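Quick note: the coordinates plus some simple rules give every number you see, no bench work behind them. Source: prediction; values computed, not measured. Using ideal geometry, Cβ is built from the backbone for each residue, glycine included, and neighbour counts are taken over all protein chains shown.
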Amino acid sequence: MKIQISNGRVIDPANGIDQHADVFIADGIIVGVGKQPAGFEANGSLDASGCIVCPGLVDLSARLREPGYEYRATLESEMAAAAAGGVTSLACPPDTDPPLDEPGLVEMLKHRARLPEFAHVYPIGALTEKLAGINLTEMAELAEAGCVAFGQANTAIVDTQVLLRAMQYAATFDFPVWMQAQDPFLARLGVAHDGEVATRLGLAGIPVAAETIALATILQLARETGARIHLTRISSAVGLEMIVAARRSGISATCDVAVHHLHLCEHDIGYFDPHARLDPPLRAQSDRDALRRGLADGSINAVCSDHTPVDDDAKQVPFDEAEPGATGLELLLPLTLKWASEMKLPLAQALSRVTCDPARILGIEAGTLKIGAAADVCVFDPQAAYPVNRATLKSQGKNTPFLGLELQGRVRGTLIDGHLAYDGSWS
Amino acid sequence: MRNPQLNSQGKLQHLLTTEGLPRDVILAILDAAAPFAEVAEREVKKLPLMRGKSIFNLFFENSTRTRTTFEIAAKRLSADVINLNINTSSAAKGETLLDTIDNLSAMQADMFVVRHASSGAPYLIAGHLAATGREHIHVVNAGDGRHAHPTQGLLDMYTIRHYKRTFTELTVAIVGDVLHSRVARSQIHALTTLGVAEIRVIAPRTLLPTDVERLGVHVFHNIDEGLQGVDVVMMLRLQNERMQGALLPSPQEYFKSYGLTPERLARAKPDAIVMHPGPMNRGVEIDSAVADGSHAVILPQVTFGIAVRMAVMSMLAGGS
């Protein structure tokens, strides 16, 4: 199968390309950008007039809800959402039920995800058994089964000795350790940022110190152990400053932010909107602004969807009883574009934060249109509006604080290994 | 986003909070309550304003006092009152809050009086009723989590106006566990809207929410300083489970530092009034000599509370 994506503007941040060019694909591989390879005869084509052609998006956090939470979402529904969102590679956190702490579970997930129209799945293995923070998992076995890093999803390792050992052990094999920095005691019962809005609404607060104290612990242990640390879903300005300072002192640490946190803050809880119940919580406006700047200047390495489909029953309850999380796979691109346009950033810079930058964190060959790379491609119309509503969302989770809004940037086609996984050209 | 307790004409649809409640609406409620207070003095205390209306008292959290006052208020307006203590019925069987609401709506409810342990629960109910085209059913928040207890806030305003005849010249002190208090929040918003000269909150740091100053109050940690020259002292109840632990070392120490004694009250204006939403913990937040003394207006608060709740219910659902 030979495909030609014609008349589009190719933006490939990994290779510094931003030009009008055709992309040539043969047998699932990029074989040319701008220059038609000798003897290439397309037997399929995609007209990308008025569109941007970029590498398929790489999402550092997407919950597929399998195994264990199939009533919330299935691999089929969420993979359809990924393709519709232009996401071709995704990392899934280990907080499934049971958690991804055994090679068999990881193999099963990888096997289930092996359909050609499904995004490439990169499981994050559990760092400790059952995510309980007591016993280490068989990391080497899990890595063999397909885990690319190890983490605890949103749970903490309370026992710092276990955390130290986990990081030492991971560092032995040079496995990256992904940690969410939130002190479980300071966050206990908390449902919102401990600030003006929580005070007004009478919601139990999670102070910024919950993030900074956990960060301090993780960063110090990273220094001790030399483990490769990736900090997931940073939420505060002070937290980001700590990471930047730690890097300056030689600690190897990358970090990401959830796309919601680039646009929303505590005030978006409004009158107790359960869709704005997120983990970590939406913080102050000054925090949000620092995160927006941090992603622009690269101190935050990548932005992810933090895709968390939640069923209606778990959201149509009072705010403090609502399950945290928002659906995001289909919003990652338009919300990243919105951030870029508001920050007046070049598109290439914005797209690098959802393509080559997260690919580098995952240590995978993705997020690039270089010749010889897998033909994971996203074609989108940057002008077309994407109305966010229950009908347009393919994810089984309809839970997003952006419901009812219209966002710019609509995916027209998604190719995974050269296979047209999503065709939105007619819509 | 429209304030969900006002309808598109700006008329009161639900009573969910005193925050953002327009000044003229608050004053209209207080004005409407005055004749109801007089009715209570009569031999026949019943008015036909809500005859044929069904009011459901939905208490997802235990309360005897508030539920009783709502019940009396509704009965004095000739409404039919149905009391449901949900923590002992459906919720225990797994029915969701909104399922309960749907079922009771199907029984032709006209009003839900809701108490719930979660902040914002009445908003969820009001939003659900709006989304399902049942906006004719009114919701009165009878206390949600730490968020609001608007009828308590309003009856406190009624009490202050009764004794002080003004708001704009007053200095008001709120003493105690502001962090967990829905009453304090409702008082602060109402007092702010009514334009009192100064609101003070007096408490140890563990019992104050973050950035409480943003609500428009002055913070005092020393009760002797905080009570200096005030016109109104509003005491808050300290929950038993919070008297000992990481918030406070002991009830004795709390009383020593923050208990309202006659000596401390002497720092307030000579004609200061002392209020308490009840139930009181004598010897913890308030000395019996103050609770039973000449400055206390704690029992009149209870009486006024019925009149204010009658005013709220009749304004919402009493027809013209």
So the angle from the long Cα axis of helix A:237-248 to the longest Cα principal axis of chain A, reported in degrees to the nearest 10, equals 80
Report the one residue of B:L154, B:I137, B:Y123 whose Cα lies farthest in the direction of the positive end of the charge dipole of region B:117-165 (charges on C-beta: Lys and Arg +1, Asp and Glu -1; origin at the Cα centre).
-> B:L154
What whole number of Å gives the distance from the Cα centroid of region A:266-338 to the Cα centroid of region B:136-203?
-> 33
Ascending count of other beta-carbon atoms within 10 Å, so fewest first, for B:T193, B:T68 = B:T68, B:T193
Antiparallel DSSP beta bridges within chain B, as percent of all bridges there, nearest 5 | 5
Where trypsin sites (Lys or Arg not before Pro) fall in DSSP loop in region A:18-126, at most 11 other Cβ within 10 Å = A:R114
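Evaluate the charge dipole of the protein assembly as shown about its Cα centre and quote only its size in Debye, nearest 20, assuming +1 on the Cβ of each Lys and Arg and -1 on the Cβ of each Asp and Glu.
Details: 66 positive and 84 negative charges, 406 e Å.
About 1940 debye.
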Within the set B:D24, B:D177, B:D156, GNM on chain B using Cα springs under 10 Å gives the largest fluctuation to B:D24
Given the options B:L227, B:L21, B:L98, state which has the largest fluctuation in a GNM of chain B using a 10 Å cut-off (strictly under) for Cα springs.
-> B:L98
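Within region B:1-149, what percent of beta bridges assigned by DSSP are antiparallel, to the nearest 5?
Working: 2 of 19 bridges.
Here the antiparallel bridges make up roughly 10 percent for region B:1-149.
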On average, how many beta carbons from a partner chain sit within 10 Å of the beta carbon of a residue in A:314-321?
-> 6
In nanometres, the difference between 0.36 nm per residue of separation and the alpha-carbon distance of A:M1 and A:H111 is 37.2 nm
How would you rank A:R9, B:R205, B:R134, A:R283, going from fewest to most other Cβ atoms within 10 Å of each one's own Cβ?
-> B:R205, B:R134, A:R9, A:R283
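Which of the GluC sites (Glu not before Pro) found in region A:67-119 are in a DSSP loop and have at most 11 neighbouring Cβ atoms, other than their own, within 10 Å? Don't skip to the end; give the middle numbers.
Values: sites: A:E70, A:E76, A:E78, A:E107, A:E117; in loops: A:E70, A:E117.
Counting only loop positions with at most 11 other Cβ atoms within 10 Å, none of the GluC sites (Glu not before Pro) in region A:67-119 qualifies.
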Report, to the nearest 10°, how far helix A:160-172 tilts away from the longest principal axis of the Cα atoms in chain A, using its own Cα long axis and a range of 0 to 90°.
-> 30
Could you work out which residue, out of B:V44, B:V114, B:V81, moves most in a Gaussian network model of chain B, that is, has the largest mean-square fluctuation with Cα springs under 10 Å?
-> B:V44
Helix-only mean residue ellipticity at 222 nm for the protein assembly as shown, each DSSP H run of n ≥ 4 adding -39500 (n - 2.57), per residue, nearest 500 | -9000 deg cm²/dmol
Name the shape class, rounded, prolate or oblate, that the alpha-carbon gyration tensor gives for region A:1-150, where a ≥ b ≥ c are the square roots of its eigenvalues, rounded holds for a/c under 1.5, and otherwise prolate holds if a/b is larger than b/c and oblate otherwise.
-> prolate
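Within chain A, which is the longest segment containing none of the chymotrypsin sites (Phe, Trp or Tyr not before Pro) that sit in a DSSP loop and have at most 12 other Cβ atoms within 10 Å? It would help to have the intermediate numbers written out before the result.
On the way: sites that count: A:Y71, A:F173, A:F185, A:W426.
Of all site-free stretches, the longest is A:186-425.
Checking the a/c ratio against 1.5 first, then a/b against b/c, what shape does the Cα gyration tensor give for region A:56-362? Walk me through the numbers on the way to the answer.
Working: a/c = 1.23, a/b = 1.11, b/c = 1.11.
Rounded is the answer for region A:56-362, as its axis ratio a/c remains below 1.5.
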Helix A:103-112: angle to the longest alpha-carbon principal axis of chain A, degrees 0 to 90, nearest 10?
-> 30
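Report the calculated FRET efficiency for A:K130 and B:R51 (r = Cβ-Cβ distance, R0 = 56 Å), to the nearest 0.05. List each step's numbers first, then the result.
Numbers: r = 60 Å, r/R0 = 1.08.
It comes to 0.40.
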Treating only Lys and Arg (+1) and Asp and Glu (-1) as charged, each at its beta carbon, one finds that region B:150-301 has a dipole about its Cα centre, in Debye to the nearest 20, of 260
Gained length - A:S49 relative to A:R223, 0.36 nm times residue gap less alpha-carbon distance | 57.6 nm
Gyration tensor (alpha-carbon) shape descriptor, region A:275-327, a/c threshold 1.5 = oblate
List the residues whose amide H sits under 5 Å from the amide H of A:N389, counting only those 5 or more places along or on another chain, with H placed 1.01 Å from N in the peptide plane.
-> A:G404
May I ask you to derive the relative contact order of chain A, considering only C-alpha pairs under 8 Å and at least 6 residues apart, and to give it as an integer percent?
-> 20
Counting only DSSP beta bridges fully inside the protein assembly as shown, the antiparallel percentage to nearest 5 is 35
